[in-house]
Amino acid sequence: MSLAAGTVIRSRANPVVRRLRALRDRGPERDVVLLEGTKLLEEAIGAGLVVLEAAATPAAAARPRVAALLRPLREGGVPVRLVDEEVLASLSEAETSQGVLALARRPVFDEDAPFRGVPLVVVGVALQNPGNLGGLLRTAEGAGATGAFLTEGSADPMSWKALRGSMGSAFRLPHVAGISLEAAEERLRTRGLAIVATTSRGGEPYDAARLDGPLALLFGNEGSGLPDELAARADRRIRIPLAGPVESLNVGVAAGIVLFEAARQRRAKRGKEVARA
């Protein structure tokens, strides 16, 4: 018998529903991740996250793509529940539920992972908008960054809005969340990384700066940017020249410009090294 033909939970007072809601509502300090929708569940499973529990509406469970995800979970002993559409929607953080959600164990990354190879580490300083933070992680992974530090005051990278922005990058890109700025600086300097502050004023143009060595790129929050004292402590400062009255860019856009310039320089450096070999 297929999962879609099983018993359907129809009450919000059901112990399973209450448990899922309680786990969902534990907030930024939770040790579980709420996975909303087929795509995020696929990304989480592909990244090796441990799925603890899953739920789907009968209609969603009958779809081949969803069934292909749920079947091995059930066979592996993970509880998979059928839940009425309206009840499942009450657990969803999305405006329109996709009919499937799961709870997984929050990923834990090796603290050495961001420093492998020629490190390119992104430091998000008090990035409060979860969508922007998620987009930053996605851009960082796409540009080949080796890891990220997200300082105190930043949004939770495993919140639903941040996960929607990162589209699975938060599961794969090694990162440390909620770290103090002082601790992040100490780790970066101990590992020998140059700390580069991105600012709207002063500094050299980003495309004239050397970005092909071990370095950490600092990006400030959406409103105030980097604190002046932090920028002053950096080894270097860079800026993106802007035309007209525009004073600053969205942090995700700015990060994309600088990170892909760093990626370009690193490819060029590797090409020269191969040519000399």
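Each reported figure results from applying straightforward, stated rules to the coordinates on display, with no laboratory input. These numbers come from a predicted model, not from an experiment. Note that we place each Cβ from the backbone using ideal geometry, even for glycine, and neighbour counts take in every protein chain shown.
A few points about this structure:
- Cα gyration tensor shape of the range 113-276, rounded if a/c is under 1.5, else prolate or oblate by comparing a/b with b/c: rounded
- Using R0 = 35 Å, the C-beta based FRET efficiency linking ALA183 and ARG21 works out to 0.55.
- Alpha-carbon centroid distance for the pair the range 114-148 / the range 55-92, whole angstrom: 32 Å
- Taking a point 7 Å out from the Cα of ALA208 in the direction of its Cβ, none of the residues of the range 247-276 has a backbone N less than 14 Å from it.
- Taking other Cβ atoms within 10 Å as a rough exposure proxy, LYS39, LYS272 sort from fewest to most as LYS272, LYS39.
- Charge context of PRO130, other residues only, Cβ under 10 angstrom, K/R +1, D/E -1: +1
- Cα gyration tensor shape of the range 218-277, rounded if a/c is under 1.5, else prolate or oblate by comparing a/b with b/c: prolate
- For ALA194, residues with placed amide H under 5 Å, excluding near neighbours: LEU215, ALA216
- FRET efficiency, ALA243 to ARG106 (Cβ-Cβ, R0 51 Å, nearest 0.05): 0.75
- Note on GLU273 and ALA232: the model spin-label points, each 7 Å out from Cα along the C-beta direction, lie 3.7 nm apart.
- Each label was represented as a point 7 Å from its Cα along the Cα-to-Cβ direction; for GLU152 and SER11 these points are 4.5 nm apart.
- Rounded, prolate or oblate (a/c below 1.5 giving rounded, otherwise prolate when a/b exceeds b/c) for the range 3-105 by Cα gyration tensor: rounded
- Derived scalar couplings ³J(HN,Hα) [the range 141-149; Karplus, 6.51 cos²θ - 1.76 cosθ + 1.60; whole Hz; x for Gly, Pro]: 5, x, 8, x, 4, 8, x, 8, 10
- Taking Lys and Arg as +1 and Asp and Glu as -1, the other residues whose beta-carbon sits under 12 Å from that of LYS272 total +3.
- Proximity of backbone amide H atoms, modeled 1.01 Å from N, is registered between VAL176 and ALA148, PHE149, LEU150 at under 5 Å, excluding neighbours fewer than 5 places apart on the same chain.
- Extension gain for ARG65-SER224 works out to 52.9 nm (0.36 nm per residue, less the C-alpha to C-alpha distance).
- Simple spin-label estimate for ARG74 and GLN265 gives 5.4 nm between the two label positions (7 Å along the Cα-to-Cβ direction from each Cα).
- What separates the Cα centres of the range 229-277 and the range 162-192 is a distance of 18 Å.
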